[in-house]
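The block underneath contains the structure these notes are about, expressed in structure tokens.
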Amino acid sequence: MLDATTRSGGTATVTPRTAATKLAVATAGGTVPPAAPTGFAGRVTRVLVSPWSRLSLLVALLASAATTVLLFQPQRLLTDGWPPQLGGAAAAVAYAVAYGLCTVAFVPRPLLNLAAGALFGSQLGLASALAGTVLGAGIAFCLGRVLGQEALRPLLRGKWLKAADGQLSRHGFRSMLAARLFPGVPFAAANYCAAVSRMGLLPFLLATGLGSIPNTAAYVVAGARASTPTSPAFLIALACIALPGLAGALVAWRKRHRLRGR
């Protein structure tokens, strides 16, 4: 038969028709997946997409962002004001975007909140600062989840690290809400801890937005009323900033002494 394997001098020979039939049978279940790159190109690809390479990229991005912020000095907004080309709602939106990017670069949020109040007043400044807070937290969460989670999760071996990871993974919304309300938890640290955990993005953003309202509002109002330091609004804002900080310091002090007593 012409489509069967023929033998010539003891050597098996496959006809083109037989080879085509075997290829059709092999691909009947679907398309053939592309072969993984081999050799030098394959090794380079595996290294580039490895968890530690992605973590190194995250560190490099954050270091570059922090360096850029140091060069541009965003704190000059408090003295120089906002560029006159932008005004009203457009300026608030632009500031919210800049706010979010600055928080990823580790610019302190109290400084950004004070600037929002000084530039836009209490209401528009609060809206812009909260939008920037949620945006910055979301960017940091996504960067940490994509570039750092796979490399850092195997390192969660300590008792406290495992406890924090389990709390965020099982009770993400209320844990992050408490972290945002508690003044002693650094903003960036909470972002990347949540990214390494198994917490979802939507609960993280909702908890960040709601939990950041009290502290953000206090700083924004203080920035808006800084020109009248004896006004009731400014004094109340200072009290709302100082009292939670004192309460947080007291709780941390008591817990430290309890741990020493054990």
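As a rough guide to protection, the peptides 210-219, 169-178 ranked by mean Cβ packing within 10 Å, highest first, stand as 210-219, 169-178. A straight chain from V59 to A89 at 0.36 nm per residue would run longer than the Cα-Cα distance by 7.4 nm. Between A247 and L71, the simple spin-label model (points 7 angstrom out along Cα→Cβ) gives 4.3 nm. Using alpha carbons only, the radius of gyration of the range 88-149 set against its Kirkwood radius gives Rg/Rh = 1.04.
Along the range 208-217 the Karplus relation, 6.51 cos²θ - 1.76 cosθ + 1.60 evaluated at θ = phi - 60°, assigns HN-Hα couplings of 5, x, 6, x, 8, 4, x, 5, 5, 4 Hz to successive residues, with x for each Gly and Pro.
The packing ranking of peptides 60-66, 130-136, highest mean first, is 130-136, 60-66, where packing means the average number of other beta carbon atoms within 10 angstrom of each residue.
Semi-axis lengths, largest first, of the ellipsoid equivalent to the range 94-215 are 27, 14, 11 Å, with √(5λ) applied to each eigenvalue of the Cα gyration tensor. Legend: residues R198, R180, R76, sorted from most to least accessible area (1.4 Å probe; ligands, DNA and RNA excluded), read R198, R76, R180. The simple spin-label model puts a point 7 Å past each Cα toward its Cβ; for S227 and A239 those points are separated by 2.5 nm.
The values are calculated or read from the model by the stated rules, or taken from the named source; none is laboratory data. Small disclaimer: the values here were computed from a predicted structure and weren't measured. No Cβ is skipped: glycine too gets one built from the backbone with ideal geometry, and neighbour counts run over all protein chains shown. Areas reflect the complete protein model, heavy atoms only, side chains present, ligands, DNA and RNA absent. Shrake-Rupley method; radii C 1.70, N 1.55, O 1.52, S 1.80 Å.
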